[in-house]
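Take a look at the structure below.
The values are calculated or read from the model by the stated rules, or taken from the named source; none is laboratory data. In this text, all values refer to a predicted model and were calculated from it rather than measured experimentally. With ideal geometry, Cβ positions are generated from the backbone for all residues, glycine too; neighbour counts draw on all protein chains shown. We work out accessible area using only protein heavy atoms, side chains counted, and drop any ligands, DNA or RNA first. Shrake-Rupley method; radii C 1.70, N 1.55, O 1.52, S 1.80 Å.
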Amino acid sequence: MFKQIELAYGFDALEPHIDALTMETHYSKHHATYTNNLNKLAQEAGINDKPIEVIFANWKKETEGKANAQGIRNNGGGYYNHNLYFGHMSPKGGGEPTGDLADKINSTFGSFADFQQQISNAAVGQFGSGWAWLASDNSGTLSVSSSPNQDNPILETEGKITPILGIDVWEHAYYLKYKNLRPDYIKAFFNVIDWNIVAANYSAAQK
Ligand code: MN3
(Lines give C-alpha, C1' and ligand atoms only; values in the text may rest on other atoms or scores of the structure.)
Protein backbone atom coordinates (compact mmCIF):
# COMPACT_ATOMS: atom_id res chain seq x y z
CA MET A 1 0.00 0.00 0.00
CA PHE A 2 1.48 3.30 -1.10
CA LYS A 3 0.69 6.14 1.28
CA GLN A 4 0.90 9.90 0.93
CA ILE A 5 3.33 11.57 3.29
CA GLU A 6 1.54 13.28 6.20
CA LEU A 7 2.09 17.01 6.09
CA ALA A 8 3.92 18.39 9.13
CA TYR A 9 2.24 21.80 8.60
CA GLY A 10 -1.15 23.25 7.65
CA PHE A 11 -2.20 24.08 4.10
CA ASP A 12 -1.94 27.80 4.94
CA ALA A 13 1.41 27.52 6.74
CA LEU A 14 3.53 28.33 3.70
CA GLU A 15 1.76 31.62 2.95
CA PRO A 16 2.57 34.00 1.39
CA HIS A 17 5.10 32.00 -0.63
CA ILE A 18 2.79 29.11 -1.50
CA ASP A 19 -0.93 29.85 -1.07
CA ALA A 20 -3.31 27.68 0.94
CA LEU A 21 -5.66 26.81 -1.93
CA THR A 22 -2.76 25.62 -4.09
CA MET A 23 -1.43 23.50 -1.23
CA GLU A 24 -4.83 21.97 -0.45
CA THR A 25 -5.62 21.20 -4.10
CA HIS A 26 -2.13 19.92 -4.80
CA TYR A 27 -2.03 17.57 -1.82
CA SER A 28 -5.69 16.54 -1.45
CA LYS A 29 -6.54 16.24 -5.14
CA HIS A 30 -3.47 15.86 -7.37
CA HIS A 31 -1.22 13.87 -5.04
CA ALA A 32 -4.13 11.83 -3.65
CA THR A 33 -5.20 10.87 -7.17
CA TYR A 34 -1.70 9.80 -8.21
CA THR A 35 -1.45 7.69 -5.05
CA ASN A 36 -4.86 6.05 -5.49
CA ASN A 37 -4.16 5.30 -9.15
CA LEU A 38 -0.75 3.84 -8.33
CA ASN A 39 -2.23 1.53 -5.71
CA LYS A 40 -4.79 0.24 -8.21
CA LEU A 41 -2.36 -0.16 -11.13
CA ALA A 42 0.49 -1.68 -9.10
CA GLN A 43 -1.91 -4.20 -7.63
CA GLU A 44 -3.15 -5.17 -11.09
CA ALA A 45 0.49 -5.57 -12.19
CA GLY A 46 1.34 -7.61 -9.09
CA ILE A 47 4.12 -5.25 -7.96
CA ASN A 48 2.34 -3.40 -5.15
CA ASP A 49 4.48 -5.10 -2.49
CA LYS A 50 7.68 -3.40 -3.71
CA PRO A 51 9.02 0.04 -2.76
CA ILE A 52 8.46 2.49 -5.59
CA GLU A 53 12.23 3.24 -5.63
CA VAL A 54 12.89 -0.42 -6.44
CA ILE A 55 10.30 -0.43 -9.21
CA PHE A 56 11.84 2.70 -10.77
CA ALA A 57 15.43 1.46 -10.42
CA ASN A 58 14.51 -1.82 -12.17
CA TRP A 59 11.92 -0.31 -14.45
CA LYS A 60 12.27 -2.52 -17.53
CA LYS A 61 12.37 -5.75 -15.56
CA GLU A 62 9.52 -4.80 -13.23
CA THR A 63 7.14 -3.64 -15.95
CA GLU A 64 8.08 -5.82 -18.92
CA GLY A 65 4.95 -7.05 -20.66
CA LYS A 66 2.65 -5.09 -18.34
CA ALA A 67 -0.15 -3.34 -20.20
CA ASN A 68 -0.37 -0.58 -17.58
CA ALA A 69 3.36 0.28 -17.42
CA GLN A 70 2.85 3.86 -18.61
CA GLY A 71 0.16 4.40 -15.98
CA ILE A 72 2.47 3.07 -13.26
CA ARG A 73 5.23 5.37 -14.52
CA ASN A 74 3.00 8.47 -14.49
CA ASN A 75 1.20 7.78 -11.22
CA GLY A 76 4.17 6.20 -9.47
CA GLY A 77 6.24 9.27 -10.30
CA GLY A 78 3.39 11.48 -9.12
CA TYR A 79 3.26 9.55 -5.87
CA TYR A 80 7.02 9.48 -5.19
CA ASN A 81 7.92 12.96 -6.44
CA HIS A 82 5.25 14.67 -4.32
CA ASN A 83 6.20 12.74 -1.18
CA LEU A 84 9.69 14.19 -1.64
CA TYR A 85 8.38 17.69 -2.45
CA PHE A 86 5.87 18.06 0.39
CA GLY A 87 8.37 16.45 2.76
CA HIS A 88 11.04 19.12 2.33
CA MET A 89 8.71 22.12 2.46
CA SER A 90 8.30 23.89 5.79
CA PRO A 91 7.10 27.18 7.27
CA LYS A 92 10.49 27.23 9.02
CA GLY A 93 12.31 26.78 5.71
CA GLY A 94 14.53 29.07 3.71
CA GLY A 95 18.10 30.16 4.20
CA GLU A 96 20.93 27.88 3.22
CA PRO A 97 22.09 24.37 4.12
CA THR A 98 24.88 23.74 6.61
CA GLY A 99 27.38 20.94 7.20
CA ASP A 100 28.32 18.30 4.62
CA LEU A 101 25.61 19.29 2.17
CA ALA A 102 26.69 22.95 2.22
CA ASP A 103 30.34 21.94 1.68
CA LYS A 104 29.41 19.69 -1.24
CA ILE A 105 27.18 22.33 -2.85
CA ASN A 106 30.03 24.84 -2.61
CA SER A 107 32.65 22.47 -4.06
CA THR A 108 30.31 21.28 -6.84
CA PHE A 109 28.63 24.48 -7.97
CA GLY A 110 30.97 27.20 -6.64
CA SER A 111 28.59 28.68 -4.07
CA PHE A 112 25.03 28.38 -2.81
CA ALA A 113 24.05 31.29 -5.07
CA ASP A 114 25.54 29.49 -8.09
CA PHE A 115 23.65 26.32 -7.18
CA GLN A 116 20.41 28.29 -6.77
CA GLN A 117 20.94 29.83 -10.20
CA GLN A 118 21.61 26.46 -11.81
CA ILE A 119 18.57 24.65 -10.40
CA SER A 120 16.38 27.70 -11.07
CA ASN A 121 17.54 27.69 -14.70
CA ALA A 122 16.69 23.97 -14.93
CA ALA A 123 13.24 24.64 -13.43
CA VAL A 124 12.47 27.60 -15.67
CA GLY A 125 13.87 25.82 -18.72
CA GLN A 126 11.84 22.62 -18.32
CA PHE A 127 9.45 22.97 -21.27
CA GLY A 128 5.91 22.13 -20.25
CA SER A 129 5.23 20.09 -17.13
CA GLY A 130 7.97 18.48 -15.09
CA TRP A 131 10.47 18.80 -12.29
CA ALA A 132 13.88 20.21 -11.46
CA TRP A 133 16.12 18.22 -9.15
CA LEU A 134 19.14 18.22 -6.92
CA ALA A 135 20.23 14.59 -6.80
CA SER A 136 23.05 12.50 -5.33
CA ASP A 137 24.68 9.24 -6.30
CA ASN A 138 25.69 6.75 -3.62
CA SER A 139 29.13 8.35 -3.24
CA GLY A 140 27.63 11.79 -2.54
CA THR A 141 28.29 13.37 -5.94
CA LEU A 142 25.65 16.04 -6.55
CA SER A 143 23.97 16.98 -9.81
CA VAL A 144 21.20 19.27 -11.04
CA SER A 145 18.79 18.05 -13.72
CA SER A 146 15.21 18.27 -14.90
CA SER A 147 12.62 15.70 -15.98
CA PRO A 148 9.44 15.90 -18.08
CA ASN A 149 6.02 14.87 -16.75
CA GLN A 150 6.35 12.78 -13.55
CA ASP A 151 9.66 11.13 -14.44
CA ASN A 152 12.57 11.40 -11.99
CA PRO A 153 16.30 10.67 -11.74
CA ILE A 154 15.83 7.18 -10.24
CA LEU A 155 13.88 6.08 -13.28
CA GLU A 156 16.20 7.89 -15.69
CA THR A 157 19.44 6.43 -14.27
CA GLU A 158 18.21 2.96 -13.25
CA GLY A 159 18.69 3.88 -9.63
CA LYS A 160 22.20 5.30 -9.90
CA ILE A 161 21.15 8.67 -8.53
CA THR A 162 18.44 9.69 -6.07
CA PRO A 163 16.70 13.07 -5.90
CA ILE A 164 17.18 14.87 -2.58
CA LEU A 165 15.35 18.09 -3.55
CA GLY A 166 12.56 18.46 -6.12
CA ILE A 167 10.88 21.57 -7.51
CA ASP A 168 7.51 20.83 -9.08
CA VAL A 169 7.04 23.03 -12.15
CA TRP A 170 3.67 21.68 -13.27
CA GLU A 171 1.31 24.67 -13.54
CA HIS A 172 -0.88 23.16 -10.79
CA ALA A 173 1.98 23.91 -8.36
CA TYR A 174 1.85 27.68 -8.90
CA TYR A 175 -0.78 28.89 -11.36
CA LEU A 176 -3.46 30.04 -8.85
CA LYS A 177 -1.05 32.55 -7.30
CA TYR A 178 1.70 33.13 -9.84
CA LYS A 179 -0.22 32.58 -13.10
CA ASN A 180 2.33 32.37 -15.93
CA LEU A 181 5.22 33.65 -13.79
CA ARG A 182 7.04 30.39 -13.11
CA PRO A 183 10.30 32.20 -12.20
CA ASP A 184 8.52 34.08 -9.37
CA TYR A 185 7.21 30.80 -7.93
CA ILE A 186 10.68 29.25 -8.07
CA LYS A 187 12.18 32.24 -6.29
CA ALA A 188 9.48 32.02 -3.59
CA PHE A 189 9.94 28.27 -3.26
CA PHE A 190 13.42 28.81 -1.81
CA ASN A 191 11.74 30.44 1.22
CA VAL A 192 10.01 27.18 2.15
CA ILE A 193 12.80 24.62 1.59
CA ASP A 194 13.69 22.80 4.83
CA TRP A 195 17.42 22.23 4.37
CA ASN A 196 17.55 19.90 7.38
CA ILE A 197 15.28 17.49 5.50
CA VAL A 198 17.29 17.88 2.28
CA ALA A 199 20.46 17.13 4.27
CA ALA A 200 18.81 14.00 5.71
CA ASN A 201 17.82 12.98 2.16
CA TYR A 202 21.45 13.53 1.12
CA SER A 203 22.72 11.21 3.87
CA ALA A 204 20.13 8.58 2.98
CA ALA A 205 21.08 8.70 -0.72
CA GLN A 206 24.66 7.68 0.13
CA LYS A 207 23.92 4.02 0.78
MN1 MN3 B 1 2.46 18.50 -8.58
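Structural remarks
- For P163: the one exception among (1) outside any helix (DSSP H, G or I); (2) surrounded by fewer than 20 Cβ atoms within 10 Å (Cβ to Cβ): (2)
- So P183, is it more than 16 Å from T22 (Cα to Cα) and either in the same structural domain as A57 (by TED's automatic domain parsing) or in contact (Cβ under 8 Å) with a residue 40 or more places away in the chain (or both): yes
- Consider the range 67-104 and keep the residues that are under 21 Å from G140 (Cα atoms) and in contact with an Asp or Glu (Cβ under 6 Å, 6 or more places away or on another chain). The one that is nearest to the ligand (Cβ to nearest atom) is Y85.
- Residue list for the range 1-56, filter: within 22 Å of H172 (Cα to Cα), assigned to a helix (DSSP H, G or I) and basic (K, R): K29
- For the range 119-143, the set of residues classified as more than 20 Å from A173 (Cα to Cα) and either open to solvent by less than 30 Å² (accessible area, probe 1.4 Å) or not in a strand (DSSP E or B) (or both) consists of A135, S136, N138, S139, G140, T141, L142, listed by residue number.
- Entry remark, the range 64-97: residues being surrounded by fewer than 16 Cβ atoms within 10 Å (Cβ to Cβ) and among the aliphatic types (A, V, I, L, M) number 1 in total.
- Scanning the range 98-122 for residues that are within 12 Å of S145 (Cα to Cα) and not aliphatic (A, V, I, L, M) returns F115, Q118, S120, N121.
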